Amino acid sequence: KNIENLLSRTDAIEKYDFNQAHVEALYGGINLPVVTLTEALNRFWDYTKDRILKKNERQVRKWKNPRIKAIRNFSTLLGNKPLSDLTRDDVINFRDWWITNIQEEGYVAASANKDLVHVKNIIETVNDNLKPNLDTTHLLKKITLDENDSQTRPPFTTNHILEILLVENHLSELTSDEKWFLY
């Protein structure tokens, strides 16, 4: 099979007018770039420019910050590893780190899942664009946590609305439209 592969590469070289760099790449003489976790995040920004086209500066910042946080958490735990060295155990260790934070620090599964989904999206996007041939299907399979701990915010009580929110001196700085909206 390796000989067939080499022969097909040779046929491609003869068929097309390749430069020296193309020939080296076809024969496997050029290594794939080593992309670390933090470098993956920088490349992710380049690959996802279309996602922020219509966002203002504040919206871009709000879009970027959770992804920066997710990669920072992931690389703090694992070190600034090259993507090619990531293993399923690394991903499971990150998931377990979040489970420990939920148990000991009072975080909720939704917080963990945000990090896990952002890391997954960044790795998949970079893998799709650079083609380092990571098996992301296995690497990132079923990493999110069950969110059965989700909490709903209790509604305001009638007393709170009447005695605090709708007290006229609290509304003095609002425009009449804002007051009508609140009512």
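Structure notes:
- You will find that of Thr76, Thr10, Thr36, the residue that is under 24 Å from Trp98 (Cβ atoms) and modelled with pLDDT under 95 is Thr36 and no other.
- Checklist (1) part of a loop (DSSP other than H, G, I, E, B); (2) out of contact with any helix residue (DSSP H, G or I) (no Cβ under 9 Å at 6 or more places or on another chain); (3) modelled with pLDDT under 70 applied to Ala25, failing item: (1)
- Restricting the first member to the range 94-117 and to residues that are closer than 9 Å to Thr144 by Cα, and the second to residues that are of a type in the set (Val, Ile, Thr), the beta-carbon pairs closer than 7 Å and six or more apart or on different chains are Arg95/Ile143; Ala109/Ile102; Ala112/Ile102; Asn113/Thr144; Leu116/Ile143; Leu116/Thr144; Val117/Thr144.
- Among the residues making up the range 53-83, those that are assigned to a helix (DSSP H, G or I) and surrounded by 15 or more Cβ atoms within 10 Å (Cβ to Cβ) are Lys64, Arg67, Ala70, Ile71, Asn73, Phe74, Ser75, Leu78, Leu83.
- Residue within the range 138-154 that is of a type outside the set (A, V, I, L, M), closer than 28 Å to Phe94 by Cα and assigned to a helix (DSSP H, G or I) present: yes
- Residues of the range 155-169 satisfying the condition of being part of a helix (DSSP H, G or I) and surrounded by fewer than 11 Cβ atoms within 10 Å (Cβ to Cβ): Thr158, Asn159, Glu163, Glu168, Asn169
The values are calculated or read from the model by the stated rules, or taken from the named source; none is laboratory data. Quick caveat, the model's predicted, so the values are computed rather than measured. Backbone-built Cβ (ideal geometry, glycine too); neighbour counts: all protein chains shown.
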